[in-house]
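Data block below; observations after.
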Amino acid sequence: MSLDVSPALLEQAERGEVDEAAFVDCVRTSLPYAWEMISSLVAQLKVDGGEFADNQTPPPDEQARGQLLRALASDAIRGALQRHFGVRLAFQNCHRVAAFPLDPSSDDRLAKFTSIRGQLLNQSPELRDC
């Protein structure tokens, strides 16, 4: 799963300066499932409040799963998404994405979510192939 990079954005990168908003738009159009997932979590977090918002529903197909993996496994993409949405993102397995507020009050919950214990407790036989 690769980004669909426009010639103009590629030219910017070749010159050494990249507009982050253009990069974020490239991510939005290239990885629509991942974008929608993260957008909905951010909206849920803003509406409901709380320590975090997460998704526990597996992607509908391998293409969608690949988009989540691409978006969250890339430091550049994840970082740009976090700055764009004003959240911290965490990822478990192949589908459990969580959005945490930037507020330091969520630090403990984020640490629990991303801990070894948290990872182990989020395992299930149904997710072995993801």
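Summary table
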item	result
Qualifying position, being more than 12 Å from the chain's Cα centre (by Cα) and hydrophobic (A, V, I, L, M, F, W, C), among L3, L41	L3
Which numbered condition L9 misses (of (1) touching a residue at least 12 places away in the same chain (Cβ under 8 Å); (2) under 28 Å from D107 (Cα atoms))	(2)
Selection count, region 45-81, where residues are touching a residue at least 40 places away in the same chain (Cβ under 8 Å) and surrounded by 15 or more Cβ atoms within 10 Å (Cβ to Cβ)	16
S40 vs. criteria of a type outside the set (K, R), in contact with an Asp or Glu (Cβ under 6 Å, 6 or more places away or on another chain) and without any contact (Cβ under 8 Å) to a residue 40 or more places away in the chain	no
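Since every read-out is calculated from the coordinates, none of them should be taken as a lab result. The structure displayed is predicted, hence computed values, not measured ones. Cβ sites come from the backbone with ideal geometry, for glycine too, and all protein chains shown count toward neighbours.
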